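All remarks here apply to the structure that follows.
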Amino acid sequence: MAQTATSKQVGSATLTLGDKTATLPLLGGTMGPPVADIRKIQGDLGIFTFDPSFGATASCESSITYIDGDEGILLYRGYPIEQLAEHSTFLEVAYLLLYGELPNEEKLKSFTSGVTLHTMLHEQIRRFWDGFRRDAHPMAMLCSVVGAMSAFYPDSIDINDPRQREISAYRMIAKIPTITAWAHKYNVGQPFMYPRNDLSYSENFLYMFHAVPPQTYVPNPILTRAMDRIFILHADHEQNASTSTVRLAGSTGANPFACIAAGIASLWGPAHGGANEAVLKMLAEIGHKDNIPAFIAQVKDKNSHVKLMGFGHRVYKNFDPRAKIMQKTCYEVLGELGIKNDPMLDLAIELEKIALEDPYFVERKLYPNVDFYSGIILKAMGFPTTMFTPIFALARTVGWISQWMEMIEDPQQRIGRPRQIYTGAVTRDYVPVDKRS
Ligand code: CMC
């Protein structure tokens, strides 16, 4: 797998506490601001640092994905997301994320056939679905079945064996589309469609999702391309909540299937990958353009706890480059499907326009993120809202695995173990129950 370039010391900062001074090395990567190395601060000054949501903390060195939130830049292994979305394919991007370089023709062919050969699930896994309720959320099924994969593929759970790590990666990239499509088939009571290895990665996913045995399935090239692009846009996003969850679970030595299941669980929340489903729910609740002002007023009222879903990002404070590509793809898909006036899209455009002019959002630098338009595209492509986050998970799997592999290969890797500010009771003596007031 790819080699990680290590950061270099580019300066130092000093921190003084009473009569003690600590020198903090400033580390520089290949791009981005310097980072103060605080690892010795406890030994030197006897204090910890406090950063509850890790907004100011780099948790690792990584050479996979770079984000400049002020400029709206997203690079995978140095390549701008716009160029990859325009010219590449999802499997080529998957290779790039995993191995660090774009493949030549021969390597791409071998990688594609390697992944494709793993699309089928162990037949016993099918029986998992008998245990789920028919209306089970597909994220619940995805999370459980991926976690259970370690029970079916014990020959690829030795994290110290590079070949086993690679096989587990191929297995998850290949099988998670099958699991995702089957979760949907189970929900709607249709037969599970077995993967077809004569189709491309995205064609095969659309086939397993949409096809039914009595009818011939003809892939639509524009929709297949849109699917592939959605996968590319979601493939990685550096140390977000779910990726950090995968790394933290992986830092304990847990097996790769368990780590990715942890990532899926973390992605599910509406502040993260669950936002695409939440955007459509929100648009449905708003219902009509006339209701937008009242909704915006609710969003601005802190006591309401209502957020404008699909807006805002921890890192992007200018625009989310993925949202721009997503908006373009949205028009392509609706055009191909002959949807001239989509009320959801009209509502989303109006909402976006109003929000982008409103001082509340302008002052807080809140812009549409990747999830604002993805739901509209996915809905038009025939996916129910509950499938939006599983599709995000499917695409993000390769990012999670690449980050997990990088972590395993990092010589600095130790178990992740944050500290805390304790605010509980001070030491006190146990009182027998009959003596308690
Ligand atoms: N609607 C209304 N107000 C918002 C929103 C929003 N979507 N996002 C942030 N704010 C406000 C927030 O209340 C705070 O206001 P104040 O300074 O008055 O207290 C200010 O903006 C700064 O926000 P924050 O909560 O400190 O920002 P954060 O970096 O902790 O949160 C976020 C980032 C993405 C969780 C948040 O913007 C959010 O909840 N957005 C809606 C959910 C969403 O679309 N998530 C998808 C993110 S992109 C894909 C992914 O990561 O999976």
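Looking at region 250-257, can you tell me whether even one residue there is among the small types (G, A, S) and open to solvent by less than 10 Å² (accessible area, probe 1.4 Å)? Yes, the conditions are met somewhere in region 250-257. If you go through region 269-316 and keep only what is within 6 Å of the ligand (Cβ to nearest atom) and of a type in the set (V, I, T), you end up with just V299.
Of everything listed in (1) open to solvent by less than 40 Å² (accessible area, probe 1.4 Å); (2) hydrophobic (A, V, I, L, M, F, W, C); (3) in contact (Cβ under 8 Å) with a residue 24 or more places away in the chain; (4) closer than 21 Å to S402 by Cα, the single unmet condition for L96 is (3). Has region 231-244 got at least one residue that is assigned to a loop (DSSP other than H, G, I, E, B) and farther than 30 Å from E332 by Cα? Looking through region 231-244, at least one residue is assigned to a loop (DSSP other than H, G, I, E, B) and farther than 30 Å from E332 by Cα. Annotation note: Cβ proximity below 7 Å between a residue of region 401-424 that is more than 12 Å from S62 (Cα to Cα) and a residue that is open to solvent by 40 Å² or more (accessible area, probe 1.4 Å) and of a type outside the set (V, I, T) (sequence gap 6+ or interchain) occurs for G416/L248; R419/F48; I421/F50.
Out of all the residues in region 239-275, which are in contact with a Leu (Cβ under 7 Å, 6 or more places away or on another chain) and of a type outside the set (A, V, I, L, M)?
Scanning region 239-275 gives S242, G273.
Selection of region 69-89 for residues being within 16 Å of the ligand (Cβ to nearest atom) and open to solvent by 30 Å² or more (accessible area, probe 1.4 Å) yields D70, I73. Within region 320-352, the set of residues being in a loop (DSSP other than H, G, I, E, B) and over 21 Å from R396 (Cβ atoms) comprises L337, G338, I339, K340, N341, D342. Say whether the condition of being out of contact with any Phe, Trp or Tyr (no Cβ under 9 Å at 6 or more places or on another chain), under 30 Å from D158 (Cβ atoms), at pLDDT 95 or above and away from the ligand (no atom under 15 Å from the Cβ) is met by at least one residue in region 243-250. Yes: one or more hits. None of A355, A348 is in contact with a strand residue (DSSP E or B) (Cβ under 7 Å, 6 or more places away or on another chain) and touching a residue at least 24 places away in the same chain (Cβ under 8 Å) except A355. Within the set I292, I325, the sole residue that is more than 27 Å from Q83 (Cα to Cα), of a type outside the set (F, W, Y), surrounded by 14 or more Cβ atoms within 10 Å (Cβ to Cβ) and in contact (Cβ under 8 Å) with a residue 40 or more places away in the chain turns out to be I292.
The values are calculated or read from the model by the stated rules, or taken from the named source; none is laboratory data. All of these numbers come straight from a predicted model, not from anything done at the bench. All Cβ positions, even for glycine, are placed from backbone atoms using ideal geometry, and neighbour counts span all protein chains on display. We work out accessible area using only protein heavy atoms, side chains counted, and drop any ligands, DNA or RNA first. Shrake-Rupley method; radii C 1.70, N 1.55, O 1.52, S 1.80 Å.
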